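The values are calculated or read from the model by the stated rules, or taken from the named source; none is laboratory data. Note that the structure is predicted; figures quoted are calculated from it, not measured. Quick reminder, even Gly has a Cβ in these numbers, built from the backbone with ideal geometry, and neighbours come from all protein chains shown. For accessibility, only protein heavy atoms count, side chains too; no ligands or nucleic acids. Shrake-Rupley method; radii C 1.70, N 1.55, O 1.52, S 1.80 Å.
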Amino acid sequence: MAARRLSSLLTRSLSASRLLSSGRNHGVGSSISRYSTAAAVEELISPPVQISYTQHLINGHFVDAASGRTFPTYDPRTGDVLAHVAEGDAKDIDRAVAAARKAFDEGPWPKMTAYERSRILLRFADLVEKHNDELAALETWNCGKPYEQSAKSELPMLARLFRYYAGWADKIHGLTVPADGNYHVQTLHEPIGVAGQIIPWNFPLIMFAWKVGPALACGNTIVLKTAEQTPLTALYAAKLFQEAGLPPGVLNVVSGYGPTAGAALASHMNVDKIAFTGSTETGKVVLELAARSNLKPVTLELGGKSPFIICEDADVDKAVELAHFALFFNQGQCCCAGSRTYVHERVYDEFVEKAKARALKRSVGDPFKKGIEQGPQIDVEQFQKVLRYIRAGIDSNATLECGGDRLGSKGFFVQPTVFSNVQDDMLIAKDEIFGPVQSILKFKDLDEVVRRANSTRYGLAAGVFTKDIDVANALSRALRVGTVWINCFDVFDAAIPFGGYKMSGIGREKGIYSLNNYLQVKAVVTPLKNPAWL
């Protein structure tokens, strides 16, 4: 992801534009007529949900910020204020950490049987399904993503993730270890304690599950900070956890900004672990604050500039559709988006023409309208950043095939944009744009594309499209990334670990590997007197 300046650190607003000096080139102006703006400016649908929770959840109670301050959260379709939410700072983090500390040290949660913890997680998953439509509407309203995506994909995955972690709760155990000499040696896997968690704005509910699920399954307590752009669904979900029977203080949710609430959480001496999803630059700050405080362990899921490699044997029509999905999904606001589309020279021209045609057909508008594929960017900052990167692509002489400007005159809608003749040294090929901008690059052979694909500070994910199993195997091992999708993209099963190489992060989320983030390993050694066997 890209960095925010200090006033927005420790959230996933991804505003690289603040660090950015800002064949055939149609130009921005001439591309506007290619799109109908009707969908973006029509009368908007009123979401079928009420905003009920705007305070912090601390020790089982919804409370105002200690300062009494609030901040606005917006509807990205219009830029209008949706609600005013409690603005947390260091005092609120102190209150939340104290509640989590007491719930861990004195409360019932880590002392419950693993089966009892599992049952609460399962009840929460049931409640998620019961409130699917309300949560989906709130997620779309606050994020701008298509309602069909929220309701039919992300909410079912939310329930699935918590059922997955509920299944792990009573299967976490240590080992009996053989040792030289007359000793009985066992390892205990213990909860780490109070976990501080900072989630992003692009997938608030899914990231809530990736963080909260394994932490609770392992018996920890939590202080979670939401992104200031999207605080609403985490608060709603926390309320459902209360209904599921989660004891007070086990899950605390504080909304606020990075330099206040986020920095206080990362540097808190009574927090035992930090998990952060966001920009690489902000991840460095989180790591430094954790190290300078009590050296708490840190899990980081950070930025990406993922290559999507289309080989010469590809079915071009299928490759175009998959590459389109890999880049434009969630308005391009996805850390693992296939944002460097490498296409073999033999199929390059055909691919470019068809990719352009597919982008021109993409439906953009009110995300509550059925059939809409793309809603607005999250906020004005992200919107302006994307447009600045588009201008940088034009200025660097990449070929603007389509798009290139805003869509409509209201809200934060950006035209689906495709560049061809992109070179590796261009900003649009190096930086994480986090928007609906596809960059198509040409390559000649596998050695070349591996070298170019790996020539980045990131290493989050990659896609490969080929009919040749040997090529697929060679590329999957050569690419220095945490996930390689072969003839598919963005497959996020609960059991599949996710994380990055290089500056894309530390550690893994989801799957069995995520449990390690929230456990301590203790060795217990006991002498044996006259053992029958060793």
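Among the residues of segment 150-163, is there at least one that is of a type in the set (Phe, Trp, Tyr), within 16 Å of the chain's Cα centre (by Cα) and at pLDDT 95 or above?
Checked against the condition, which is being of a type in the set (Phe, Trp, Tyr), within 16 Å of the chain's Cα centre (by Cα) and at pLDDT 95 or above, segment 150-163 yields no hits at all.
Condition first: in contact with a Ser or Thr (Cβ under 8 Å, 6 or more places away or on another chain) and either among the small types (Gly, Ala, Ser) or assigned to a helix (DSSP H, G or I) (or both). Now tell me which residues in segment 240-251 satisfy that. Of everything in segment 240-251, just one residue is in contact with a Ser or Thr (Cβ under 8 Å, 6 or more places away or on another chain) and either among the small types (Gly, Ala, Ser) or assigned to a helix (DSSP H, G or I) (or both), namely GLY249. Answer yes or no: is there a residue in segment 128-140 that is assigned by the TED database to the domain that holds GLN242, over 30 Å from GLU381 (Cβ atoms) and open to solvent by less than 10 Å² (accessible area, probe 1.4 Å). Looking for residues that are assigned by the TED database to the domain that holds GLN242, over 30 Å from GLU381 (Cβ atoms) and open to solvent by less than 10 Å² (accessible area, probe 1.4 Å), one finds at least one in segment 128-140, hence yes. Selection within segment 485-534: residues that are of a type in the set (Val, Ile, Thr) and surrounded by fewer than 15 Cβ atoms within 10 Å (Cβ to Cβ). The member of this set that is farthest from PHE104 (Cα to Cα) is VAL491.
Only one entry of GLY435, GLY408 meets the criterion of being modelled with pLDDT under 95, assigned to a loop (DSSP other than H, G, I, E, B) and either assigned by the TED database to the domain that holds PHE325 or not aliphatic (A, V, I, L, M) (or both), and that entry is GLY408.
With respect to being at pLDDT 95 or above, outside the structural domain of THR78 (by the TED database) and crowded, with 19+ Cβ neighbours inside 10 Å, ALA398 fits the description.
Here's the yes/no breakdown for (1) modelled with pLDDT of 95 or more; (2) part of a strand (DSSP E or B); (3) among the aliphatic types (A, V, I, L, M); (4) open to solvent by 40 Å² or more (accessible area, probe 1.4 Å):
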position	(1), (2), (3), (4)
ALA39	no, no, yes, no
GLU43	no, no, no, yes
ILE51	yes, no, yes, yes
PHE62	yes, yes, no, yes
ALA66	yes, no, yes, yes
PHE71	yes, yes, no, no
TYR74	yes, yes, no, yes
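Of the residues that sit in segment 248-263 and are open to solvent by 20 Å² or more (accessible area, probe 1.4 Å) and not polar (S, T, N, Q), which one is nearest to GLY68 (Cα to Cα)? It would help to see each step written out before you state the result.
Restricting attention to segment 248-263, the residues satisfying the condition of being open to solvent by 20 Å² or more (accessible area, probe 1.4 Å) are 248, 257, 259-260, 263.
Then keep just the ones that are not polar (S, T, N, Q); that gives 248, 257, 259, 263.
Details: PRO248: 22, TYR257: 15, PRO259: 18, ALA263: 19 Å.
Here the residue is TYR257.
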